[in-house]
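The values are calculated or read from the model by the stated rules, or taken from the named source; none is laboratory data. The shown structure was predicted, so the numbers you read here are calculated from the model rather than taken from an experiment. With ideal geometry, Cβ positions are generated from the backbone for all residues, glycine too; neighbour counts draw on all protein chains shown. Each accessible area value is taken on the protein alone, full model and side chains, heavy atoms only, with ligands, DNA and RNA left out. Shrake-Rupley method; radii C 1.70, N 1.55, O 1.52, S 1.80 Å.
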Amino acid sequence: QVLLEVLDCFGPEAVDPVHIIGEIGTEFLMADLLSIEKKMKTLRPKKDLELAQALEKCRAWLEGNRPLRDMPLAPAELRLLSSFQFLTQKPIVYACNVDEGGLHGSPPPAVVQASDGAPVVTVCAAVEEFLSACSREEAAAVLREYGMTQSAIPVLVETVFGVLGYHTFFTAGERETKAWLMEPGTSAQKAAGAIHSDIAAGFTKAMVMPFETFRSLPSLAEAERHYKAYGRDYGMQDGDVVHFKH
């Protein structure tokens, strides 16, 4: 999971985004401390000793005003704490909501500095809302008017996926085109299992083409001529369009 924090970065009434980053960070930190306090009260002295030690380590770290995402933890500790879903342990992506005049600028330097290395993406919510109500042709015209090559939403999605370490593959047919998540280096047979275990079990080959090739073709019928066949051990690439044969 990733926390997406949207910051208002324009207008005379906008609250200082750096202040908001600090305020929300403090709220998350206090929420995690409260979760630890509640859990510590229920632990059994001997049976839950390892968990108690891990939680005490987390509490000391948080009391130093530091998020758990920066805390070094051993694999065994990570397993013990995996069910807690601590807010400060989750990675963050910041979205700077700017006005139309800020579309082509970099995020405010103060926000980048306060982000502590987390990704910062510039978005104009007003433009994105308008684009969402447009037809494809109208949206293309609006993007040209603003000097944009694409909506900011795909950039935001790609940023979140990058933080999570996910890649995407697509299945495309007459009825629907669907995106599926996978880890980098996933084999074709394992990717097939993301759709259905029966497809993975009966896997014979994967018919694959890059997304950019697929997008350039005029029809699904034409696309059929451009797929290449690969075996079960093919390493799926981010953006592959695939038909699994089974």
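In a DSSP loop and with at most 10 other Cβ atoms within 10 Å, the GluC sites (Glu not before Pro) in segment 171-246 are GLU174, GLU176.
Exposed loop positions in the chain were taken to be trypsin sites (Lys or Arg not before Pro) whose DSSP state is not H, G, I, E or B and which have at most 11 other beta-carbon atoms within 10 angstrom. Between these positions, the longest stretch is 48-174. Each peptide among 192-199, 121-128 gets the average number of other Cβ atoms lying within 10 Å of its residues, and from highest to lowest they stand as 121-128, 192-199.
Hey, what's the Kirkwood Rh for segment 104-231 if you take every pair of different alpha carbons, in angstrom?
Details: mean 1/r = 0.0559 Å⁻¹.
Value: 17.9 Å, from the Cα pair sum.
Rounded, prolate or oblate for segment 113-171? Axes are the square roots of the Cα gyration tensor eigenvalues, ordered a ≥ b ≥ c, and the cut-off for rounded is a/c under 1.5. Oblate, since a/c reaches 1.5 and b/c is not below a/b.
Across segment 155-163, coupling constants 3J(HN,Hα) worked out from phi with the 6.51/-1.76/1.60 Karplus curve, θ = phi - 60°, read 5, 5, 5, 4, 5, 5, 4, x, 5 Hz, and Gly and Pro carry x.
Which whole-number value in Å² is the accessible area per residue of the chain, probe 1.4 Å?
Here the per-residue accessible area is 61 Å².
With angles folded into 0 to 90 degrees, how steeply does helix 17-40 sit against the dominant principal axis of the chain? Use alpha carbons for both and round to 10. Taking the Cα atoms of the chain, the angle to 17-40 is about 70 degrees.
Here the Karplus curve 6.51 cos²θ - 1.76 cosθ + 1.60, taken at θ = phi - 60°, turns the phi angles of segment 193-198 into couplings of x, 5, 7, 6, 4, 5 Hz, with x standing for Gly and Pro.
Please report the carbon-and-sulfur percent of the accessible area for segment 108-246; probe 1.4 Å, protein heavy atoms only, DNA, RNA and ligands left out. After summing per-atom areas, the C and S share lands at 53 percent. Spin-label model, LEU73/HIS104: points 7 Å from Cα along the beta carbon direction are separated by 4.5 nm.
Please compute the length gained on full extension between SER219 and THR26, using 0.36 nm multiplied by the number of residues separating them and subtracting their Cα-Cα distance.
That pair, SER219 and THR26, stretches by 64.3 nm at full extension.
Using a 4.7 Å Cβ-Cβ cutoff, the cysteines of the chain lacking any partner cysteine are CYS58, CYS124, CYS134.
For the chain, the antiparallel share of DSSP beta bridges with both residues in that region comes to about 60%. For segment 151-198, rounded, prolate or oblate, judged on the Cα gyration tensor with a ≥ b ≥ c (square roots of eigenvalues), a/c < 1.5 rounded, else prolate if a/b > b/c? Here segment 151-198 falls in the oblate category. In order along segment 207-213, phi translates into HN-Hα couplings of 9, 10, 8, x, 4, 4, 5 Hz, rounded to whole numbers, per the Karplus curve 6.51 cos²θ - 1.76 cosθ + 1.60 with θ = phi - 60° and x for Gly and Pro.
Computed on segment 89-246, with alpha-carbon pairs under 8 angstrom and 6+ residues apart, the relative contact order is 20 percent.
Basic side chains Lys and Arg get +1 at the Cβ, acidic Asp and Glu get -1 at the Cβ, and with that the dipole of the chain about its Cα centre reaches some 1460 debye. Note on the chain: Lys pairs 8 or more places apart or on different chains, Cα atoms under 21 Å apart, count 21. Classify segment 1-74 as rounded, prolate or oblate, taking a ≥ b ≥ c as the square roots of the eigenvalues of its Cα gyration tensor: rounded when a/c is under 1.5, otherwise prolate if a/b is larger than b/c and oblate if not. Prolate, because a/c is 1.5 or more and a/b exceeds b/c.
Estimated translational diffusion coefficient (Stokes-Einstein, Kirkwood radius over Cα pairs, 10 °C, 1.306 mPa s) of the chain: 73 µm² per second.
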